[in-house]
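To keep things clear, I will list the structure first and then write my remarks on it.
The values are calculated or read from the model by the stated rules, or taken from the named source; none is laboratory data. These numbers were taken from a predicted model, which means no experiment stands behind them. In this analysis, Cβ positions are derived from the backbone assuming ideal geometry, glycine residues included, and neighbour counts consider all displayed protein chains.
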Amino acid sequence: MTELPTEAGDFDSGPFEPDNGWLASAPQDLQIAAMRRWFLERFENPANETPWDGEDKEYVFVWGGPYDPNDEIQDRFSGIVDFETMRELIEDLWDEVGDEWAPIDHEGVDYDEYLSHLIVIDRSDPRSFLEDRIAEIFSVLDAAVLDGAHRRLLHQMAHSSLISALEAYLADTVSYWVENDERALRRFVSTNKDFQARSLTVAELFERFEKLAGEVKIYLADFVWHRLDKVKPMLTSGLEIQVPEIGDLMKEIIVRHDIVHRAGRRADGSLVELATEDLSRVRDSIDQFSKSIEDELVRRFPVQTHPAISDLF
């Protein structure tokens, strides 16, 4: 790294802060060195500490960002340093890491608290996440004041979001139990046709067993969860629970298909019109459906209660 003179800026109060007067008249190589130091004392390669989402194949910028060198360098140094000089540094930073950098400063962000809203840790989390998401959707609906066309679009988006929330609930529920209950994992694999399609030698059997949990995790991540006709037997056979009737929800899946894949029109070309009452009905159906599943899960996997301390003596 190029050595900077003491008059280049403040080196001691925190991340290096160049002196604008010095910077404006400095030779180009020192301008680039000063801007580089300013940037690298604030931003880093996300590979250093930023969590990686293996399913979506992307970084989760829990501490803010991503930050593009182009934006940050220009925001700080425009009007002080010539653009061509800034561009030289920006392109070097792009070559080194790319256009998505993470902040070095992690203060003020509770990572564990952040993850608690993303990752299923407890058996109650899938249902809790579902309730939170539905509440968020209706909070947006309640706050919106829109005309007819915009209201139609918002209601269509809300409907799709409700179905997506249901999908996430089902995925979280199955994933939790096959990861935390060995019998559920065995039942899931032994009753799933996709895992029964291949015959194995004894040697292959042991090798496959060691990798089984990982294979199931990938399978569940790729599964299309709005196919309730396929989800129902998965829950019934794999988790050994009774699943409520899905007829009404399947009708809503078709509506979602028209919204997402037909740009809000039905097969006959008519617009999908949804009143607030329709969305409330979908919400109630999802609530009743998930509540029935939760009741079955309690029956199948009884909640373990710890004895009171006084009972131990």
- Message: From the list T50, T85, exactly one residue is farther than 30 Å from I218 by Cβ and either in contact (Cβ under 8 Å) with a residue 40 or more places away in the chain or assigned to a loop (DSSP other than H, G, I, E, B) (or both). Which is it?
- Response: T85
- Flagged in segment 253-278 as surrounded by 15 or more Cβ atoms within 10 Å (Cβ to Cβ) and within 24 Å of the chain's Cα centre (by Cα), in numbering order, are I253, R256, H257, I259, V260
- Would you mention how many residues in segment 24-42 are touching a residue at least 12 places away in the same chain (Cβ under 8 Å), over 21 Å from D68 (Cβ atoms) and not small (G, A, S)? 3
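For (1) modelled with pLDDT of 95 or more; (2) aromatic (F, W, Y); (3) not assigned by TED's automatic domain parsing to the domain that holds L154, each residue gets a yes or a no:
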position: S270; (1), (2), (3): no, no, no
position: F289; (1), (2), (3): yes, yes, no
position: I293; (1), (2), (3): yes, no, no
position: P307; (1), (2), (3): no, no, yes
- Check segment 49-65 and report whether any residue there is surrounded by 12 or more Cβ atoms within 10 Å (Cβ to Cβ), over 30 Å from G214 (Cβ atoms) and not assigned by TED's automatic domain parsing to the domain that holds A221. yes
